[in-house]
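These notes are about the structure you will find just below.
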Amino acid sequence: MSESDYETEGPSPQTAVDVFKGLWVSRLPGGLEAGEVPLFEDDRISWLVEQVPIAGTSVLELGPLEGGHSYMLERAAARRVVAVEANRSAYLRCLVVKEVFGMHRVDFLCGDLVKYLAETRERFDLCVASGVLYHMTEPLEMLELTSRVCDRLFLWTHYYDAKLLKQNERAAGHFPDGKGPLYRYEYADALEVTSFCGGTRPHSFWLDRQTLIGTLRELGFDQLEFAFEEPTHINGPALAVLATKTGST
Ligand SMILES: C[S@@+](CC[C@H](N)C(=O)[O-])C[C@H]1O[C@@H](n2cnc3c(N)ncnc32)[C@H](O)[C@@H]1O
């Protein structure tokens, strides 16, 4: 037993948040002291909510980190959000967020999203995969499995582009060989950072833009709306795409 295992203040949302003091990435609503990144008021999700009626729908969220997007989707009146998070500490922070903000329509699950996708029999109105595709060792498999559980997918991701990466030495340094069509990305030193929120392995594989778009189309997502194009994003070129199978919506 150590004294620091015990909270000596009276119970409050802040004492719950402070269980993970120093680890939070997200800025939390209500002036709670946590991290700095505005994931609970994220423009990408505000945009998504403007494009797609969320009220009354079921949403599968892949890699919620600390539940910021889950919070926004619940606020947009989703009937149910299932959010699958593999990082144990992030998962526990999701549970703190769920309790502090009373997110009764969100179920956080701890585990690997690819295994979840392969095993679930549930279908969802929408899948939100923000910041996860480029953390996968088998991104094509992930897209294929995702396409089986939903007809509408919101994806925010980095992608490989040799020309653009030439202007970004730091990001380019993570690709040891630059050989495609799957581009091996090594996390390297990033693995040592306490706030690391990447993939489950020391490496992942990135897709280039053409392969990403071609794969979505092959999987039946015939309508693609692009947003948040950031070719010069500090961590590598990035985009958001809302992919829909129009025949089924
Ligand atoms: C970069 S963060 C993205 C967080 C948030 N979705 C966003 O867009 O800001 C990636 C998240 O996915 C989680 N993650 C990565 N690989 C995963 C996997 N195989 N299964 C479940 N979660 C995973 C990470 O732990 C982290 O929480």
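For region 28-41, give me the residue count where each residue is part of a loop (DSSP other than H, G, I, E, B), away from the ligand (no atom under 13 Å from the Cβ) and of a type in the set (G, A, S).
Qualifying residue count, region 28-41: 1.
In region 139-151, which residues are away from the ligand (no atom under 14 Å from the Cβ) and surrounded by fewer than 23 Cβ atoms within 10 Å (Cβ to Cβ)?
Going through region 139-151, the residues away from the ligand (no atom under 14 Å from the Cβ) turn out to be 140, 144, 147-151.
Hits for region 139-151 are L140, E144, S147, R148, V149, D151.
Identify, by number, the condition in (1) within 13 Å of the ligand (Cβ to nearest atom); (2) in contact (Cβ under 8 Å) with a residue 24 or more places away in the chain; (3) surrounded by fewer than 17 Cβ atoms within 10 Å (Cβ to Cβ) that R44 doesn't meet.
So the condition that R44 fails would be (3).
So H174 clears everything in (1) surrounded by fewer than 20 Cβ atoms within 10 Å (Cβ to Cβ); (2) farther than 30 Å from T120 by Cβ; (3) touching a strand residue (DSSP E or B) at 6+ places or on another chain (Cβ under 7 Å) except one condition, right? Which one?
(1)
Please go through region 196-249 and give me each residue that is under 22 Å from E85 (Cα atoms), of a type in the set (V, I, T) and part of a loop (DSSP other than H, G, I, E, B), ordered by number.
Once the filter is applied, which keeps residues that are under 22 Å from E85 (Cα atoms), of a type in the set (V, I, T) and part of a loop (DSSP other than H, G, I, E, B), region 196-249 yields only T200.
Quick check, is L65 touching a residue at least 40 places away in the same chain (Cβ under 8 Å) and crowded, with 16+ Cβ neighbours inside 10 Å?
Spelling it out, L65 is indeed touching a residue at least 40 places away in the same chain (Cβ under 8 Å) and crowded, with 16+ Cβ neighbours inside 10 Å.
Could you run through region 103-139 and say how many residues are closer than 15 Å to A243 by Cα and among the hydrophobic types (A, V, I, L, M, F, W, C)?
6
Go through region 109-138 and report how many residues are within 11 Å of the ligand (Cβ to nearest atom) and either touching a residue at least 12 places away in the same chain (Cβ under 8 Å) or outside any helix (DSSP H, G or I) (or both).
Let us first name the residues in region 109-138 that are within 11 Å of the ligand (Cβ to nearest atom), namely 109-117, 128-138.
Right, trim to either touching a residue at least 12 places away in the same chain (Cβ under 8 Å) or outside any helix (DSSP H, G or I) (or both) and you get 109-114, 116-117, 128-138.
Qualifying residue count, region 109-138: 19.
Which residue out of S4, S12, S70 is touching a residue at least 12 places away in the same chain (Cβ under 8 Å), of a type in the set (S, T, Y) and on the phi < 0 side of the Ramachandran plot? Lay out the reasoning, then the answer.
On the way: S4 fails: touching a residue at least 12 places away in the same chain (Cβ under 8 Å); S12 fails: touching a residue at least 12 places away in the same chain (Cβ under 8 Å).
That would be S70, the only listed residue that is touching a residue at least 12 places away in the same chain (Cβ under 8 Å), of a type in the set (S, T, Y) and on the phi < 0 side of the Ramachandran plot.
When region 213-226 is examined, which residues are found to be crowded, with 16+ Cβ neighbours inside 10 Å and either touching a residue at least 60 places away in the same chain (Cβ under 8 Å) or under 17 Å from the mean Cα position of the chain (by Cα) (or both)?
Passing the criteria: T215, L216, L219, F221.
Determine whether region 79-97 contains at least one residue that is free of Cβ contacts under 8 Å to residues at least 12 places away in the same chain and either part of a loop (DSSP other than H, G, I, E, B) or within 27 Å of A240 (Cα to Cα) (or both).
no
Going by what's in this entry, would D177 be described as among the charged types (D, E, K, R) and either at pLDDT below 95 or in a loop (DSSP other than H, G, I, E, B) (or both)?
So D177 fits the description; yes.
What pairs can you find where one residue is in region 231-244 and more than 20 Å from Q51 (Cα to Cα), the other is assigned to a strand (DSSP E or B) and not small (G, A, S), and their Cβ atoms are less than 8 Å apart, with a gap of 6+ or different chains?
Once the first residue is more than 20 Å from Q51 (Cα to Cα) and sits in region 231-244, its partners that are assigned to a strand (DSSP E or B) and not small (G, A, S) give H233/H158; N235/H158; G236/H158; G236/Y160; G236/W206; P237/H158; P237/Y160; P237/E230.
Note down all Cβ pairs under 6 Å where the first residue falls in region 164-177 and is touching a residue at least 40 places away in the same chain (Cβ under 8 Å), the second is part of a loop (DSSP other than H, G, I, E, B) and surrounded by 12 or more Cβ atoms within 10 Å (Cβ to Cβ), and they're at least six residues apart or on different chains.
Once the first residue is touching a residue at least 40 places away in the same chain (Cβ under 8 Å) and sits in region 164-177, its partners that are part of a loop (DSSP other than H, G, I, E, B) and surrounded by 12 or more Cβ atoms within 10 Å (Cβ to Cβ) give L164/P231; L164/P237; A171/N235; A171/G236.
Name the single residue, out of those in region 227-249 being more than 19 Å from the chain's Cα centre (by Cα) and hydroxyl-bearing (S, T, Y), that is modelled with the lowest pLDDT.
By that ranking, first place goes to T249.
The values are calculated or read from the model by the stated rules, or taken from the named source; none is laboratory data. Everything numeric here is computed off the predicted structure, so don't read it as measured data. Virtual Cβ from ideal backbone geometry, glycine too; neighbours counted across all protein chains shown.
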